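These notes are about the structure you will find just below.
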Amino acid sequence: MKYLFITFLGICLLTGSVFAAEFTLPAGNPITKTTIENLILSIYTFLVWASVIVAMGTLIVAGLMWATAGDSGRVEQAKAMLKGGIIGAAIILGSGVIIRTVSVFVTGQG
């Protein structure tokens, strides 16, 4: 069984290298610095919006927990959750400053 697997793996690797030698990539648009910058900006924008939605959800849930808390344990839990949500939102919104500062050093543009 072991030799059958090794033989099968060898055939797959040889067949793949033969097909790879015949395969050529189609002509297309080259990847430029602007393309990479736009891609990074798009990913950053998506992540910030997704994080803001999560942070707002956390703040809403923490507020509802605090408003409906019956005992002091749940109030403390809601306060901790609210504090974490506020800190998270501040970090998310502060990441724009960090990204802009890093992009100045990377691109050399102010």
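Taken together, the values in this text are just the output of simple stated rules run on the coordinates, not laboratory data. Everything quoted here is computed from the prediction, not taken from an experiment. Neighbour counts are summed over all protein chains in view; Cβ atoms, including those assigned to glycine, are modelled from backbone coordinates with ideal geometry.
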Restricting to segment 33-77, what's the tally of residues that are more than 28 Å from the chain's Cα centre (by Cα), farther than 24 Å from A90 by Cβ and part of a helix (DSSP H, G or I)?
4
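Each row is one residue, and each column tells you yes or no for (1) surrounded by fewer than 11 Cβ atoms within 10 Å (Cβ to Cβ); (2) out of contact with any helix residue (DSSP H, G or I) (no Cβ under 7 Å at 6 or more places or on another chain); (3) in contact (Cβ under 8 Å) with a residue 60 or more places away in the chain.
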| residue | (1), (2), (3) |
| --- | --- |
| L64 | no, yes, no |
| T68 | yes, yes, no |
| S72 | yes, yes, no |
| A78 | no, no, no |
| L82 | no, no, no |
| I92 | no, no, no |
| T101 | yes, yes, no |
| G108 | yes, yes, no |
